[in-house]
Amino acid sequence: MEKVLQVETRRWNRRSMKEITRIAYSAEEVAKMLGITREHVYALMDKGLPTLKLGRTRRILSDDLDTWLKEQKEIRNSR
């Protein structure tokens, strides 16, 4: 059975006590999840990691990160 990295995190809205699911992450958050530097994440963005530009910042959508990681795994396995 293939393991898939789940990057979805959950937070609680303190006022309403509803669970909030994160759908986008900063480069710093992705770096912490993957155990790499923020600069490396920016390099990956320049090489094809999909991002969403919001004003002056770029965010990585959770679904896009999952898909990209699976693609990278398939590329490495096909070598």
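None of the figures in this text is laboratory data; all of them are computed from the coordinates on show. Owing to the predicted nature of the structure, the values given are computational and were not obtained by experimental measurement. As a convention, Cβ positions derive from the backbone with ideal geometry for all residues, glycine included, and neighbour counts pool all protein chains shown.
Tabulated data
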| item | result |
| --- | --- |
| Distance (nanometres) between label positions extended 7 Å along Cα→Cβ at ARG56 and ARG76 | 3.5 nm |
| Spherically averaged projected area in nm², based on the convex hull that wraps the Cα atoms of the stretch 10-70 | 5.0 nm² |
| Hypothetical label at ILE20: residues of the stretch 38-54 whose amide nitrogen lies under 19 Å (7 Å Cα-Cβ projection) | 54 |
